[in-house]
Structure formats: C-alpha cells, structure tokens
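Before anything else, here's the structure in question.
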Amino acid sequence: MAGGLHAARLSPPLAPPLFARRPAAARVFTVSAMSTRADAASETPLVRQVVGRVLLCLSLLSVVVVGWQTWRGYRTEIEHAGSTERLIREQYMPILAQNVWDVDLPSAEKTLQAIATHPGVAYAELTTDSDQRLSSSRLPMTVKPTRVVEVPLMLEHRPPVKLGTLRVMLSYATLYAHIREEALQNAFVQLLQLALVALLLALALNHYFTAPLNTLTEHLRRYRLGAAGARRAVLPGRCHELDALVDAFGDLQDRLADKNAEGLRACEELAAHRDRLAELVAIRTAELDHLNRFQQLVSELSTRFINVTEDALDATLTEALARIGGFLGVQRCYLFILDSRLAVQETHEWHAAQSRSVNELLTLYSADASPWLVPQLARHSVVILDAHTPDSRGLGQEQLTLSLLGIATLVLVKVRVSHVPLGFFGCDTATPRAWGEQEVALLRLIGEMLANVMARRHQLRALQAARQDLEDSNARLHRQARRDALTGLANRLHFDEIKRPLFDSALLNRTPLSLVLCDVDHFKLYNDRYGHPRGDTCLARVSEALRAVFRRSNDLVARIGGEEFIVILPGADTHLAQELAEEMREAVAELDIEHAASPVAPCVTVSVGVATLDAARHHNIEALINDVDTALYRAKQQGRNRVISAE
C-alpha cells in the first residue's frame, strides 16, 4: 500500500487541456504571479488581518448606531418641543384663563413659569385686556427665538370671553446642545467598546487558532506517508485533536484495503440477489398496480362526495360502499355509528350476493359479549381480527363467534367524527386474507373520508338550524341595540337613524315637524345627594311620564344623554308642541320626586326647549337641533323648570 501511494505521488498529474496549450513562459508567469500574491498576503499576520476586518465592520456598524441614536434623540427632542404648543393650549390655557378671571396674578405667574420649563420654551408673557403684563422671567438677551406663538386667552363661557393674549418664545438652541452632547458621549462609548473587542478578539484568535494551526503545519511538514513511527507522533501541549488527525491518515489506508475486499464480496452477493430481485419486482409491480387502482377509486369517491347534495348523500354513501367492497373482493362493507351505550345508532352497508346483511349479524352478535374487540376499537384507529391474532382476554371466544357467523377476517377502521361518540368503517371476508400496510393505509384514508362526509352532513343540518337561530338573534339584537337599557325608550342610535328621514319627509311634504328637548334640572346634585341607584330610578320614572304625555303613534321619545331626552313630533306645529311640552313639564313635577339639593324646587323638575321646522331657516336637521338646544339653554338661563320656544 505504501509503495503504491509513493508511485502515485511520483506520477505526473494530468493537466486540463486549456492549461496544456499554454506556453511555458505563460505558465511561469502565472505561477510567479500567484506566488507573489501569496507572499504579499503572508506578510501580514492572519490574526491582524482578521482583527482589522472585524474592526472595520464594527466601526461601520458603530457609525450607523451612533448616527441612528443621534437621529432618534433629535426626533425625540423635536417631538417633545413640537408638542409644547399643543400642551400649552390644552393644559395651561384653561388654568391661566381661570387665574385671570379670578384675578389671581401670583398663580398666573407660577403657571407662566411652569410653561417656561418645557423643552424649547425660552420665555412666556401674558398681556391681559386691562393692560396688565405678566412674564415667566426676565427676557433672555442671548437667546434668539426660533418662533413666537401668540395665543388668545379665552374663558369658556356662553358666549366665550377673551381675557388677554399669551405670547410664547420658542428656541431650539438648548435642544441642539443636548443632542450634540449625547452624540459625543455615544461615540466615545462605541470607541471604548471597539478597543475592548479588538483586544479580546486578538487574544482569542492567537490562543485558539494561530498556535494550533502552526503546530499542525509543522507536524504535516515532517510527516511522511509510510514512515516508521509517523503515526505514533504525539503533538505537545493541548493539540490532542491534531494527533487524532494524524492517526486518521494511517487508518484511512487500512480501511481502503478492507473496503476493497468488501467490494469483491458485495459483487458476488449482488449477483445472487439479482435473480431474487427480479421476482420481487414482478410481485411488487402487481401490488402497486392494485394500490394505484385503489387510490384512483378513493380519489374518485372523494370528488363525488364533495359535489353531492344532502338529499343524495345516503344513496351516494351506499354506492361508495358497494364499489369499495366489489373492488376489494370482500363479502360485506359497512359504516356504523355507535351511541354512548355502544349500541348501533346508524348503519350504512353493502353485502355481496348470498351474504347475510350486517344488521342480521348485529342481532346475533352482542357488543356486551366482546371483552376484547370493543375496547380495542375504542383504543386503536385500525383493528384486524383473524385466526392469527394473538389470543388474549377472551379473544378465542370472539374468534369462535365470528367463525360461526361466517367471518374469517375482519377489518375495522375508527371514524373520528366530533359529534358522535364512536363510529367505524369495516369490511370482512369469508376466507382468510392478509392485509398489507398500504391497503390498511388506504382503508384508514377511506375512514377519514367517510368521517368528513358524516361531519359535512351534520354541519349542513346544524348550519340550517344555526341560520334560523342567527336570523332570530339578529332581529332581537336589532331591537335591543335601538333601545335604552335603563328607561326602555329609544336611544341615540335610533334617534340618529330616524331624525333625517323624518326631517326630509316633512320638508318635502311641507308638513309640520317639532322637536322637544328636555333636561332634568341639577341631576348631578341629585346623584351626589341620593346616589346613582336612586338616580337611575328617577330617570326611569321621568321616562314613564314622558311616555304618558307623548302617546301619538308617530311620536318618538329618545334618551340621548345621561339626563337629557328629546322628542320628535311629526305633524305637530309650534302651538301643539308647546302644549305637549308644558304638559310634560307638569307631569314630571307631579311625580313629586324629592330633590332637596335642587335650588329650583324641592322636587325633581325639567327644563324644556321647543323648536318647529321653518323651511326658510332650517336647511337640515342639524340646524333644527341647534335651535332646540339654544331654546333649552335659554330655559336654563331664565331659572329652569320652564318651557322656552326657539325664536
């Protein structure tokens, strides 16, 4: 073996044709160029090359990270500064308006100082309508404002009152200084991390890569194939893996010889098995043809079941069992469903001519007398019972019973359907038969197909019942969604749906249309005094009074707020609407619901606004609603517990 390897090494290598056609000068030049590049690359240590490339990549990544952090900090600071104006309008303006209205100037100055503490705010100044000037601090002379915002100071009353003007100077100089400081800090941290990574990487590469690689190179230089004692060379230090690599060279030569001998023996065995293989191929080809036709049958039946209707499902199922039984050459093929007591609930079957029906066999065979078969059916997906099944737990008695019934082989496949306790597809033969794994797999596939068929029939029936339930539920929910749960009146959703059609109809037909809007006087004080449960009871009684007043079939009473009610009166002019509104006010007062916290009356009262459609002024329903809302506001301003019509 050693001599052969030496001879192979001394023989000239075969060069590719393209290389063989090159002149000698070109070959020398190519080799020289390759060696020059190799020498240039070897001048720099490998550890330094790897560390340099890693540091270059990390440096680029650090630049990206620092840039991203700076950009994110810039965006965050700008967003904080940009939200200052909105914060001043939403949070501080109501407080300043109240302070100025209350003539609380010290509080107003504290509010201005709080505004000046926000990012980007350099100075805040308030000038009232009485020429009073308040400021957060002395105006900084060194800060150039980026933008000056002037906001009118309004008091939210009806109508709103202007109290002065707030002037805010915004400057981003401090924001930019803070962003630069964070950027320099992040860059310094990245530089320290790069230095630490470079040091650790150099030490790790030198310890785990360069030193073992040098040792391996020196050992391979001294190694000679077939030299005495070469395989027993032990490398010093920690490179025991390299010793195993050197020993592997010698082991490879021994294994080559062993493999050659094994190859000769394999050729002899191959010739012996070749004839046997030809016989097995013929047998297997017949089996595959049988399985292929079986698969085609299963695919065809599956397609048939997909397109079948519910009315033809039972007939199609019986036809499928007949085709499966005829193809397999069995005497019976059936599908049956058991109930929770293991009694047969549903049966579909096919049996060959001169064979007894499975229903007749079920009258002769009791499931209670099956100590082995029924538990096996419940535990396993496929059960095969024949004369070769091992006898255990009374199996011999069941085999004898099946033999008396003329059944030599029985195959049952569990049908997993969620809505039934247990179901099985099975077939039996009158003569012993061996079932292959592929046939059993196809039988299991048929069981799954039949399970889908049964589940589909159940789903179709359940879907029809569910569709009816859904229609009933939708109708019920439609009614509930438009009713107020507390009072039983229409809610805002119902009011919003019906207001526009009624308005358009009245405008088109030139018929009267009136709105009545009422509000329980000081209802918040009522809740504070008596509690929310009694408040709910009060609203329920008020709603009953409204329902008793507005009794016409086309009147709509709706609760559109906590204690706010609105009534749409189609066909009612101003006079009739005022009469009904006054009657409603009196009906609520006659309830005599105690309201000791009310400054209006000792009992619960309501304020009412009335508005009637005027085609010249009301071009849409919103205009009419605004008028009735204004009338209600006037009723509250004039002392409450009264009815006011829109002008």
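The values are calculated or read from the model by the stated rules, or taken from the named source; none is laboratory data. Since this is a predicted model, take the numbers as computed values, not measurements. Note that each Cβ is placed from the backbone with ideal geometry, even for glycine, and that neighbours are counted across all protein chains shown.
If SER83 satisfies every condition in (1) among the small types (Gly, Ala, Ser); (2) surrounded by 13 or more Cβ atoms within 10 Å (Cβ to Cβ); (3) closer than 30 Å to LEU191 by Cβ but one, which is the exception?
Going through the list (1) among the small types (Gly, Ala, Ser); (2) surrounded by 13 or more Cβ atoms within 10 Å (Cβ to Cβ); (3) closer than 30 Å to LEU191 by Cβ, SER83 breaks only (3).
Across the stretch 421-473, what is the total count of residues that are among the charged types (D, E, K, R) and over 18 Å from GLN295 (Cβ atoms)?
9
How many residues does the stretch 317-340 contain that are over 22 Å from ALA455 (Cβ atoms) and in contact with a Pro (Cβ under 9 Å, 6 or more places away or on another chain)?
Adding up the residues that qualify gives 0.
Take the residues of the stretch 431-444 that are assigned to a loop (DSSP other than H, G, I, E, B) and surrounded by fewer than 15 Cβ atoms within 10 Å (Cβ to Cβ): which is farthest from the chain's Cα centre (by Cα)?
This residue is THR431.
Spot the failing condition for PHE550; the list is (1) closer than 20 Å to ARG634 by Cβ; (2) modelled with pLDDT under 95; (3) more than 47 Å from the chain's Cα centre (by Cα); (4) not acidic (Asp, Glu), and only one is missed.
PHE550 satisfies every listed condition except (1).
Something else: Just to be sure, is VAL600 buried (at least 22 other Cβ atoms within 10 Å of the Cβ) and either not in a helix (DSSP H, G or I) or not assigned by TED's automatic domain parsing to the domain that holds ALA540 (or both)?
no
Next question, about the same structure. In this structure, is LEU508 more than 44 Å from the chain's Cα centre (by Cα), surrounded by fewer than 17 Cβ atoms within 10 Å (Cβ to Cβ), without any contact (Cβ under 8 Å) to a residue 60 or more places away in the chain and in a helix (DSSP H, G or I)?
On the way: more than 44 Å from the chain's Cα centre (by Cα): yes; surrounded by fewer than 17 Cβ atoms within 10 Å (Cβ to Cβ): yes; without any contact (Cβ under 8 Å) to a residue 60 or more places away in the chain: yes; in a helix (DSSP H, G or I): yes.
In short, yes.
In the stretch 84-116, which residues are over 17 Å from ARG167 (Cβ atoms) and either in contact with a Pro (Cβ under 9 Å, 6 or more places away or on another chain) or not in a helix (DSSP H, G or I) (or both)?
ASP102, VAL103, ASP104, listed by residue number.
Among the listed residues ARG482, ARG510, which satisfies the condition of being outside the structural domain of ILE560 (by TED's automatic domain parsing), among the basic types (Lys, Arg) and over 21 Å from VAL588 (Cβ atoms)?
Residue meeting the stated conditions: ARG482.
Moving to a separate point now. Going through the stretch 485-505 one residue at a time, which ones are in a helix (DSSP H, G or I), surrounded by 14 or more Cβ atoms within 10 Å (Cβ to Cβ) and in contact (Cβ under 8 Å) with a residue 24 or more places away in the chain?
ARG492, HIS494, PHE495, ILE498, LYS499, LEU502, PHE503
From the list LEU556, LEU613, LEU580, LEU624, pick out the single residue that is in contact (Cβ under 8 Å) with a residue 24 or more places away in the chain, in contact with a Phe, Trp or Tyr (Cβ under 9 Å, 6 or more places away or on another chain) and surrounded by fewer than 20 Cβ atoms within 10 Å (Cβ to Cβ).
Checking each option against the conditions leaves just LEU556.
Could you look through the stretch 99-117, keep only residues that are in contact with a Leu (Cβ under 7 Å, 6 or more places away or on another chain) and free of Cβ contacts under 8 Å to residues at least 60 places away in the same chain, and pick out the one that is farthest from ARG89 (Cα to Cα)?
LEU105
Next up: Considering only residues that are acidic (Asp, Glu) and loosely packed, with under 12 Cβ neighbours inside 10 Å, which ones fall in the stretch 445-484?
ASP469, GLU471, ASP472
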